[in-house]
Structures are given as C-alpha cells and as structure tokens.
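*Asks:* Dumping the structure here so I can ask a few things about it.
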Amino acid sequence: MKRIGLNDVKDISFRIAQKYREYGEPIPDFDTSNEGVLESCLRTPFAKFSKKSLYPTLISKASILFYLIIKNHPFQNGNKRIAITTTQLFLFKNKKWLDVEEGTLYNFTIWVAQSLAELKDPVVDCIEYFFTKHLVKRDY
C-alpha cells in the first residue's frame, strides 16, 4: 500500500492556499504548520502493535488520516480542506477515489470537525462507512 508523505501534503497545501487566497480565505504558508503533529497524522494509519496493523485496510487507513488531520489541527487554517485533499491523494495513489458530491463531502467534513473528541471511535467508524459507500476504483 502506498503512503502519503510530508512533501505530498506540502504540495497540496500550497495549491489549496493559492486557490483560496483569491476568495479571502487565507491559508498560512506551510512553514507555519506543526510538522510534528502532521507527521503523526501521516504515520498513524500505518501504526502497528505486536506486529499487527492497527488500521489494516485502505479504508481504515484513509479514515483515520482524514479524522486526524481535521481534529489535530496541524495547520493554522484550512485543516478540513487539506484533510479532504490529502485523503483523496492517498486513495488516488492506491487506485481508488471518493466519488461524492462536493456539498455532501463538505457537510460530512463539517460534521467530523464538530464531533466530540470522546466519540472518536464511533466517528471513525462513520467515516469508514461513508468512505466505503463512496469509494470507487480509479480508472486512470
């Protein structure tokens, strides 16, 4: 399974920042991100305990990645947008894609962002369900 790295996210964040600055929603430069938190978000999907993967499937890895970028705030602004884009890139690298209307994905992302931290496990379960429902094989 292909991973997503810090440089992948850096490239994504710059593209997003450039696009949304036009609309008055600035995203600070990547250098202002908390790289330790971001690196943790990127490593966690591949974590193991007793040589067993804590997130054994592509969906479980994508779901925890999405959740952690939203909830751990590695960026000063734009965490939800970067979580969506980073998750899509991770899936794309693994020949999959979320085929979902933009408004539906936006509303779901807001719901995750507003969820209580103590409900992490059921929220991640909901993310897995949502992703499974909208996951398609990438044809290109």
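*Asks:* Name, by its number, the condition in (1) buried (at least 18 other Cβ atoms within 10 Å of the Cβ); (2) over 19 Å from residue 134 (Cα atoms) that does not hold for residue 84.
*Replies:* Every condition holds for residue 84 apart from (2).
*Asks:* I'd like the residue in segment 46-68 that is in contact with a strand residue (DSSP E or B) (Cβ under 9 Å, 6 or more places away or on another chain) and not aliphatic (A, V, I, L, M) and, out of all such residues, is nearest to residue 129 (Cα to Cα).
*Replies:* Among those that are in contact with a strand residue (DSSP E or B) (Cβ under 9 Å, 6 or more places away or on another chain) and not aliphatic (A, V, I, L, M), it is 60.
*Asks:* For segment 98-114, enumerate the residues that are at pLDDT below 95 and either at positive phi or touching a Lys or Arg at 6+ places or on another chain (Cβ under 9 Å) (or both).
*Replies:* Selection gives 106 alone.
*Asks:* Continuing with the same structure: I'd like to check something: does segment 59-67 contain any residue that is of a type in the set (Gly, Ala, Ser), surrounded by 13 or more Cβ atoms within 10 Å (Cβ to Cβ), under 11 Å from the mean Cα position of the chain (by Cα) and at pLDDT 95 or above?
*Replies:* Yes; the residues of segment 59-67 include at least one that is of a type in the set (Gly, Ala, Ser), surrounded by 13 or more Cβ atoms within 10 Å (Cβ to Cβ), under 11 Å from the mean Cα position of the chain (by Cα) and at pLDDT 95 or above.
*Asks:* Any idea which of 80, 96, 52, 48 is basic (Lys, Arg) and in contact with a Ser or Thr (Cβ under 7 Å, 6 or more places away or on another chain)?
*Replies:* Unique residue meeting the criteria: 80.
*Asks:* Got a sec? Which helices (runs of 4 or more DSSP H) wholly within segment 1-107 have at least 3 residues that are free of Cβ contacts under 8 Å to residues at least 12 places away in the same chain and of a type outside the set (A, V, I, L, M, F, W, C)?
*Replies:* 6-21
*Asks:* Which members of segment 108-134 meet the condition of being part of a loop (DSSP other than H, G, I, E, B) and either crowded, with 18+ Cβ neighbours inside 10 Å or under 13 Å from the mean Cα position of the chain (by Cα) (or both)?
*Replies:* The one that is part of a loop (DSSP other than H, G, I, E, B) and either crowded, with 18+ Cβ neighbours inside 10 Å or under 13 Å from the mean Cα position of the chain (by Cα) (or both): 115.
The values are calculated or read from the model by the stated rules, or taken from the named source; none is laboratory data. Note that the structure is a prediction, hence the values are computed from the model and not measured. As a convention, Cβ positions derive from the backbone with ideal geometry for all residues, glycine included, and neighbour counts pool all protein chains shown.
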